[in-house]
Every structure is written in C-alpha cells, then in structure tokens.
Amino acid sequence: MNRDELVAFLDDYLQISTYPDKSSNGLQVEGKAEVERVAFAVDTTLRTIGRAAKAGADMLIVHHGMIWGGLGYITGIHYRRLKALMESGINLYAAHLPLDAHPEVGNNVELLRLLGIEPRGPFGEYRGLSVGFYGEFSEPQPIEKVAQIIAERLDTTVKTYEFGVREIKTVGAVSGAGAFALEEAHRKGIDLLVTGEFTHADYLTAIDLPQSVLVAGHYKTETLGVKALMEVVRTKLGLDVFFIDEPTGL
C-alpha cells in the first residue's frame, strides 16, 4: 500500500487533527513509499525500532512518538533514534491523545471492555476535550474483583487505593498518566478511576476528595489501543501487522 494513502486513512480514522496535544501526531518520520508490513508498539525506542527493522517492517505505529511539540536539537538519543529509522527506511507514525480518546479502538474504551462494560459517555477532560470514557456495571462489584479482572486480563500488577466506595458501580478510564481526572471523577460521582500511574501528589488528592483509584501501569494500560488499531489495519487494509511488546514494568 502507498504510504501516503495509509497515512491519510490513519489521519482520518483517528481524527488526528482534532486533539490539542504535546505529541506531534501523525507521520513523524518519512520512510519507504510503499508499505507492506506494519509494526505496532507503545513506545519509540532503539529496541522497538531495531525489532521492527529486523522483522522487515516498513512502518512503525506507536502511541508515544519521538517528536513532542516540534524538533529541537538532533543530538544524543534523538539522533540515534532518528538515524535508526532513516537507515532502515521505516516510517514512524504516532497517535497519542487521538488513540486514548478513540471511541472504537481507544485505550480507554478498551479498558472498560476488559471489565465487560460498554462506554456510556466521554470522561477525563484535557485541554477542553475528553480523552477517557466512563460506564457502569449492571450490578455493583467489590473493588477486589475489579482489580483481579484487570490484573488477569492485562497481565499486570494492580494497586488499589480504596479511599471512596468499595462496591463499584461506575468506572471512569483514563489510561497512562490519567490522575488529572481525579477531581472530575469525584464531581461526577464515578466510583472508581482506572488509570496507569499514580504520584505522591495524586495520592494526596485522592485521599482528600475521597476517590477510589485503580492503578494498572502506564505501559500496560496503553497496549490496548495500539493492539486494537493493529486489527483495524489488518482487517480493513489487508496489511501484514505485528505487535512489539517492550514492557517497562511501570
């Protein structure tokens, strides 16, 4: 498939231009003009680039690209990553907030679906747009059971902060560094915020609100969107696709 046709499909499907973002979303590094094999990964690192090149990928689609708000000095690790991409001819395509917020393949609708919940509406306002979703169980569930489901289905370590209710009916999902949605969750009566990471300051906010939180890992919560997008590229476009798993444990 022609690279520009693939990029146009992704830009439209993901609504790339809709979201104000620190990430420079879309085609970040131009490579081969024809794309037959596409690698998917959460992060742009020398390891993911190297594995993509070794497996014969023509494009690498990631959640975390290498250009955030424009190019600065091309030195150090930035030079090494760019050099690896250009020497291999791999196109680099990034979708950060657009992949968090997508209503079909986004990280946050996929997090809710892991729990058997269909999204009811947007949640997690960031710069004027919602990047997460919320939904509810048909019957309240103990927070321990919710944690167990996430831990097993994401193959991750889960930490719960039981500062609010323990019988969970409503769930809001904001993957990665989603604790900015703590106060919104409390204000909207959402029983549990599911996110990826939690800081000391986040803990203090949650305990004072109070708001129950489930933390499942920044990396793990953001594997879902790229994997779901990978299946769209495979089924709709007929391209050869594969996922590169490089967990950070964080």
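The values are calculated or read from the model by the stated rules, or taken from the named source; none is laboratory data. Model, not experiment: these values are computed from the prediction. Methodologically, a virtual Cβ is constructed for each residue, glycine included, from the backbone with ideal geometry; neighbour enumeration extends over all protein chains shown. The accessibility values were calculated without ligands, DNA or RNA, using every heavy atom of the protein model including side chains. Shrake-Rupley method; radii C 1.70, N 1.55, O 1.52, S 1.80 Å.
For the reader, a short list of remarks on this structure follows.
- Checked against the criteria, Lys169 does not count as farther than 23 Å from Glu125 by Cα and either surrounded by 22 or more Cβ atoms within 10 Å (Cβ to Cβ) or not aromatic (Phe, Trp, Tyr) (or both).
- Apart from one condition, Ala201 fits all of (1) of a type in the set (Gly, Ala, Ser); (2) buried (at least 20 other Cβ atoms within 10 Å of the Cβ); (3) over 17 Å from the mean Cα position of the chain (by Cα); the exception is (2).
- If the condition is being surrounded by fewer than 22 Cβ atoms within 10 Å (Cβ to Cβ), closer than 17 Å to Ser23 by Cα and touching a helix residue (DSSP H, G or I) at 6+ places or on another chain (Cβ under 8 Å), then region 75-104 contributes only Arg81.
- Qualifying residue in region 55-63 (condition: on the phi < 0 side of the Ramachandran plot, open to solvent by 40 Å² or more (accessible area, probe 1.4 Å) and either at pLDDT 95 or above or among the acidic types (Asp, Glu) (or both)): no
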